[in-house]
Amino acid sequence: MNKVMLIGNVGADPVVRYLDGGVCVAQVRLATTERGYTLQNGTQVPERTEWHDVVFWRRTAETVEKYVHKGDKLYVEGKIQSRTYIDKQGVQRRVVEIMAENMEMLSPRSSATSAPGTQPTPQQQPVQPATPAAVAPKENNDEPPF
């Protein structure tokens with residue numbers, strides 16, 4: 001089983017691209033942090049932050065483009081996928097990405113969107129899972145898609 005569940009903070013505004021046919025793809029850098037602690041023998045274990053490249057497709061990517069910003073807290077479910085490419089200098093690179101299947105925004109809504117009579121935000125609605133296998137980005141050996 002290949003399943004990943006992350007809760008973390010967005011490190012920068014999403015990078016959004018539209019592929020041929022109008023398919024939306026969004027990439028987000030997500031930071032997850034494990035708190036530091038002290039062992040019984042007094043040894044300090046420091047806080048540790050991991051950075052994850054998360055890729056969203058189609059409607060989920062469009063939602064990310066509209067509503068997700070640097071600093072927001074997200075819950076993401078997906079799968080780990082790795083790929084290799086040749087960079088501009090001719091060096092083979094390997095990247096590991098989380099292909100998002102489900103996303104939930106955990107940051108509190110701004111006061112403007114919580115006023116009575118406003119449209120519900122995606123935070124209040126479940127986001128439809130994306131299926132990246134149905135539409136793969138064009139292969140480009142010069143650089144990654146993001």
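The values are calculated or read from the model by the stated rules, or taken from the named source; none is laboratory data. Quick caveat: nothing in here was measured; it's all calculated off a predicted structure. Backbone-built Cβ (ideal geometry, glycine too); neighbour counts: all protein chains shown. Please note that ligands, DNA and RNA were not included when accessible areas were found on the heavy atoms of the full protein model with its side chains. Shrake-Rupley method; radii C 1.70, N 1.55, O 1.52, S 1.80 Å.
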For this session: Mind jotting down the distance between the C-alpha centroids of segment 22-49 and segment 73-101, whole Å?
Result: 18 Å
Exercise. Given segment 1-110, what percent of its DSSP beta bridges are antiparallel, to the nearest 5?
Worked result: 90 percent
For this session: At 1.4 Å probe size, with no ligands or nucleic acids counted, give the accessible surface of Ser82 in Å², nearest ten.
Result: 60 Å²
For this session: Return the long-range amide H neighbours of Ser107 (sequence gap of 5 or more, or a different chain), with a cut-off of under 5 Å between placed amide H atoms.
Result: Lys73
Problem set entry | Length gained when the stretch Lys79-Glu104 is fully extended (0.36 nm per residue, less Cα-Cα span) | 7.4 nm
Seminar exercise, completed: In order over segment 13-21: 3J(HN,Hα) from phi, Karplus 6.51/-1.76/1.60, θ = phi - 60°, whole Hz, x for each Gly or Pro, gives 4, x, 9, 10, 10, 10, 8, 3, x
Exercise. Considering only DSSP states other than H, G, I, E and B, which GluC sites (Glu not before Pro) in segment 19-76 qualify as loop sites with at most 10 other Cβ atoms within 10 Å?
Worked result: Glu47
Problem set entry | Cα centre as origin, Lys/Arg/Asp/Glu Cβ charges: segment 1-118 dipole, Debye | 120 debye
Seminar exercise, completed: Any residue on another chain or 5+ positions along whose placed amide H is under 5 Å from the amide H of Asp13 is listed here as Lys70
Exercise. Mind listing the phi-derived Karplus ³J(HN,Hα) values for segment 86-97, rounded to whole Hz, using 6.51, -1.76 and 1.60 with θ = phi - 60°, and x for any glycine or proline?
Worked result: 9, 7, 4, 8, x, 8, 6, 10, 10, 10, 10, 10
For this session: Quick one: what are the phi-derived ³J(HN,Hα) couplings along segment 68-85, Karplus 6.51/-1.76/1.60 with θ = phi - 60°, whole Hz, x for glycine and proline?
Result: 9, 9, 3, x, 5, 9, 10, 10, 10, 10, x, 9, 7, 9, 10, 8, 10, 8
